[in-house]
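Beneath this line is the structure, given in structure tokens, with notes to follow.
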Amino acid sequence: MPSLISDPPPGGRVGGAASIVLHDDPRDISATLKQALHAQALAEGFTAMRVTTPDAIPQAAARLAEYVANDRHGQMGWMAERMGWRGDPAALWPEARSVVMLAEAYTPPHDPREDLARADRGAVSVYAQGKDYHDIVKSRLKRVGRWLIEQGGGGIKVFVDTAPVMEKPLAQAAGLGWQGKHTNLLSRDLGSWFFLGAIFTTLPLPPDAAEASHCGNCTACLDICPTRAFPAPYQLDARRCISYLTIEHRGPVDPELRPALGNRIYGCDDCLAACPWNKFAVAATEMRYHGPHRAPPLAELAALDDAGFRARFSGSPIKRIGRDRMVRNVLYAIGNSGLPALRGVAQGLADDPDPAVADAARWAVARLA
Ligand code: B12
Ligand code: SF4
Ligand code: SF4
């Protein structure tokens, strides 16, 4: 009998996976292993898991090339680097035989659009209100990956967000959901609020069927976008997207786009929140995503220096953008607040050493005058 499943590691098997029954046919073995992997992934806190192959997204490379050729990535120069790997998972790691795609729900307990009406506060996108998902998802991926090696052998690599891997098309090919007209992955079982992570493995696991689009005639996400960032359904021009402008874009934001930012100071959830499939969204089981950074007072953030910023946002994805970009965003929100009481706060930053902050402060003062 082939011995695909190795002995339990010292200290016993990881987590609470179902026990595995081996069959002689290698296809049965990989099907059984996949079933047990699924149970393990759910026991680790993932919401869903599906499998695809590294060659399953042949259309992605050309679409990525078009996106970059049209400069839709803006200042995200890293998108234009290593395009050969990004567009082709088989080139990224030629030994990989399967790609395990995982979803983790972070569904908010409220409609995030409620915060857009709180003029003296900043709207922070749901994914960034608590602990950094990169850390949480990556730890889970590593634990599941380690379990897979212990049970089935082979090698693995785990990815979440920052590697040159196109996670959305891979997740669609695996059948986790489909890329909606807002370009994010959504699903009939999960709605829109979930992160993606990937485990590449050298093991041949049985692939799942791809999912088709269920957007139909709906255009809710396209219609709600405050900056009209979708040149066409299923395509995003990141240069107009508030998520890009508040998180990725360095220097001053185009004055024409500033009023549309409203009080959004980190990311934007409007297109996700508008989606009717969210009525099927499942609750988040990881409570660390719902942390302390929902709708902070603008005046408090404007007063932060570097050390204060780092202390406040330690362990949060927000920390990555640094004090200057955050204060720049806060000043745009102050300018859009319509609250004369905040004018003095902006005035106090008009000579800030960071040119984008000083420019934003002067813009806010003028707008509140
Ligand atoms: C770069 C990036 C961004 C950029 C650019 C986003 C973009 N759409 O390109 C910015 C900073 C704007 C951004 C914003 C957000 N992001 Co982001 N981002 C990424 C990242 C790192 C790469 C995405 C990418 O490859 N873009 C390049 C373009 C070419 O790829 P694409 O978006 O898949 O584009 C496809 C379509 O355009 C399609 N297409 C083109 N034409 C046509 C025509 C038809 C008919 C069809 C069907 C398809 C189609 O083909 C392309 C290739 O598949 C991924 C992580 C990763 N490594 O994958 C996270 C990721 C996509 N982001 C994520 C999140 C949560 C967000 C935000 C919601 C955060 C927020 N609240 O502010 C917003 C959502 C904005 C939006 N509407 O997309 C999650 C999405 C999870 C999910 N369920 O899908 C990811 C997967 C991170 C993660 N690991 O969880 N993001
Ligand atoms: S995240 Fe906001 S700005 Fe970006 S595409 Fe969606 S609705 Fe538009
Ligand atoms: S809002 Fe409508 S068009 Fe947009 S992703 Fe959801 S179903 Fe598709």
Open item on the list: Checking the structure you have, find out if any residue of the stretch 344-351 is part of a helix (DSSP H, G or I), buried (at least 16 other Cβ atoms within 10 Å of the Cβ) and within 30 Å of the chain's Cα centre (by Cα).
Closed with: no
TODO: Test each condition in (1) under 23 Å from the mean Cα position of the chain (by Cα); (2) away from ligand 3 (no atom under 16 Å from the Cβ); (3) at pLDDT 95 or above for residue 35 and report the one that comes out false.
DONE: (1)
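Any residue that is farther than 30 Å from residue 103 by Cα and small (Gly, Ala, Ser) - is there at least one of those in the stretch 276-283?
No: the stretch 276-283 contains no residue that is farther than 30 Å from residue 103 by Cα and small (Gly, Ala, Ser).
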Task: Odd one out for residue 282 among (1) surrounded by fewer than 20 Cβ atoms within 10 Å (Cβ to Cβ); (2) not in a loop (DSSP other than H, G, I, E, B); (3) not acidic (Asp, Glu) - done: (2)
- [ ] Sort out which residues of the stretch 248-279 are away from ligand 1 (no atom under 12 Å from the Cβ), in a loop (DSSP other than H, G, I, E, B) and touching a residue at least 12 places away in the same chain (Cβ under 8 Å), and write them in order of number.
- [x] 250, 251, 252, 253, 255, 257, 262, 263
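In the stretch 294-321, which residues are farther than 16 Å from residue 119 by Cα and crowded, with 16+ Cβ neighbours inside 10 Å?
Step one: list which residues in the stretch 294-321 are farther than 16 Å from residue 119 by Cα, which gives 303-321.
Selection gives 304, 309, 312, 313, 316, 317, 318, 319, 321.
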Open item on the list: Is it the case, given these coordinates, that residue 319 is away from ligand 2 (no atom under 16 Å from the Cβ), part of a helix (DSSP H, G or I) and closer than 22 Å to residue 177 by Cα?
Closed with: no
Open item on the list: Need pairs with beta-carbon distance below 6 Å; first residue of a type in the set (Phe, Trp, Tyr) and within the stretch 198-226, second away from ligand 2 (no atom under 16 Å from the Cβ); sequence gap 6+ or separate chains.
Closed with: 200/93; 200/96; 200/99; 200/157
Open item on the list: Just the residues that are away from ligand 3 (no atom under 16 Å from the Cβ), without any contact (Cβ under 8 Å) to a residue 40 or more places away in the chain and touching a strand residue (DSSP E or B) at 6+ places or on another chain (Cβ under 7 Å), please, taken from the stretch 122-171.
Closed with: 142, 149, 160
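Among the residues of the stretch 256-279, is any of a type in the set (Gly, Ala, Ser), out of contact with any helix residue (DSSP H, G or I) (no Cβ under 9 Å at 6 or more places or on another chain) and within 16 Å of ligand 3 (Cβ to nearest atom)? Step through it out loud before you land on a result.
Within the stretch 256-279, the subset of a type in the set (Gly, Ala, Ser) is 260, 262, 267, 273-274.
Adding the requirement that they be out of contact with any helix residue (DSSP H, G or I) (no Cβ under 9 Å at 6 or more places or on another chain) leaves none.
No.
Being charged (D, E, K, R), crowded, with 23+ Cβ neighbours inside 10 Å and at pLDDT 95 or above narrows it down to one of 104, 150, 114, so name that one.
Values: 150 fails: crowded, with 23+ Cβ neighbours inside 10 Å; 114 fails: crowded, with 23+ Cβ neighbours inside 10 Å.
The unique qualifying residue is 104.
Criterion first (among the hydrophobic types (A, V, I, L, M, F, W, C), part of a helix (DSSP H, G or I) and either in contact with a strand residue (DSSP E or B) (Cβ under 7 Å, 6 or more places away or on another chain) or at pLDDT 95 or above (or both)) does residue 41 satisfy it? Break it down into steps so the answer makes sense when it comes.
Numbers: among the hydrophobic types (A, V, I, L, M, F, W, C): yes; part of a helix (DSSP H, G or I): yes; either in contact with a strand residue (DSSP E or B) (Cβ under 7 Å, 6 or more places away or on another chain) or at pLDDT 95 or above (or both): yes.
The answer is yes for residue 41.
The values are calculated or read from the model by the stated rules, or taken from the named source; none is laboratory data. This is a predicted model, so every value here is computed, not measured. Neighbour counts run over all protein chains shown; Cβ positions are idealised from the backbone, glycine included.
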